[in-house]
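The values are calculated or read from the model by the stated rules, or taken from the named source; none is laboratory data. Since this is a predicted model, take the numbers as computed values, not measurements. FYI the Cβ positions are ideal-geometry reconstructions off the backbone, even for glycines, and counts take in every protein chain you see.
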Amino acid sequence: MLPLLLILDDREGLIRSSSCWKELEQLVDREFLDGTIEGADPATLARAQFLMAIRERTALNETVFARMPNLKLVLQTGGHAYHIDTVAAKARGILIALGRRVRAPLDSVPELTFALALGLMHKVPLGNFAIRNGEWPLLTGRTLANRRLGILGLGRHGSRVAHIASAAFNMDVVAWDRGNSSANPTPPASFASPAIKRLPLDELLATSDVVSIHLRLSKESTGLINKERLALMRPDAILINTARGAIIDEAALAEALQNGKLAGAGLDVFVEEPLPASSSLRKLRNVILTPHIGWTVEEVFEEFARIACTQLAQFLEGRLDGSELLS
């Protein structure tokens, strides 16, 4: 009997459709778990030696690991493992391979960033809603061109956004990175222009027409954009978040948007997902809400599958590069 690879949360059906699985047909059995792991067949869980997790859709903790005594390797799509109890995994000798090599989000996330920004600046949702309701409103928008874009986090996504903003819209791009000051002249990623000016966070918020968040979630970034920092932003500014919902105080943001202290917000991520039906953000006309779709494009899922297939094949051959493992 071949070892079993159990694949979780392929809700879109795009992982299973990848042709890369043919390369592993003689090496592993493959099974997709379409329900929750809590309701999975105990015999299937006990047999599985390998587990593929689609982003952070299922928490992998000691309770799960205890039901999977033969688990050796978790193939984690994407470069983060926020949902994995790494202490429990390490205690059981379970390796975690990260999909750090994934490149497709470098296109998809920046594209969504500008879709949200352009939609807000040109009042696309308001126009669409009005016309569908038989109206023909007089709407006046604004261009992105020649305005200031403030980027929080000039990493892989942020640097790509900076490049597009400068090259396509001639925007004045400024940036803030946690741990970096305005004296740091060297951006960390290849897309960033050396001419991008670093500003203190408060100055960036106070002077930018558009603020776009591209920070990793951490203890320091959680709640970073709070009521006090939102108050620094200009009333005609817009805020875009395609990173992590918990970076923004959602209640404070809703209040600022309701009271005209902020012109608009484009949000793809939320503290709680799905966004609760009771959230006041759902009722606001100056907000574009999307259900965490920055990464859910066909190209990303195909790349996830291919990276996982490669990592599993290398593991079976005893040559998985340690740099791909979560340390």
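Taking strands (runs of 3 or more DSSP E) as the structural unit, those lying wholly within segment 209-327 and holding at least 1 residues that are over 20 Å from the mean Cα position of the chain (by Cα) correspond to 264-267. Total residues in segment 21-50 satisfying the condition of being surrounded by 16 or more Cβ atoms within 10 Å (Cβ to Cβ) and in contact with a Ser or Thr (Cβ under 9 Å, 6 or more places away or on another chain): the figure is 2.
Applying the criterion of being within 14 Å of the chain's Cα centre (by Cα) and outside any loop (DSSP other than H, G, I, E, B) to the residues of segment 93-106, the residue that is surrounded by the fewest Cβ atoms within 10 Å (Cβ to Cβ) is LEU106.
Output the residues belonging to segment 48-84 that are among the hydroxyl-bearing types (Ser, Thr, Tyr), farther than 16 Å from CYS309 by Cα and in a loop (DSSP other than H, G, I, E, B). Correct list: THR58, TYR82. Sub-7 Å Cβ pairs linking a first residue in segment 290-310 that is under 11 Å from ALA104 (Cβ atoms) and of a type in the set (Lys, Arg) to a second residue that is outside any helix (DSSP H, G or I) and at pLDDT 95 or above, at least 6 apart or interchain, are ARG306/SER18, ordered by first then second residue.
Cβ separations smaller than 7 Å between residues 6+ apart or across chains give the following pairs from segment 76-92 residues that are surrounded by fewer than 16 Cβ atoms within 10 Å (Cβ to Cβ) to residues that are at pLDDT 95 or above and among the aromatic types (Phe, Trp, Tyr): ARG92/PHE65.
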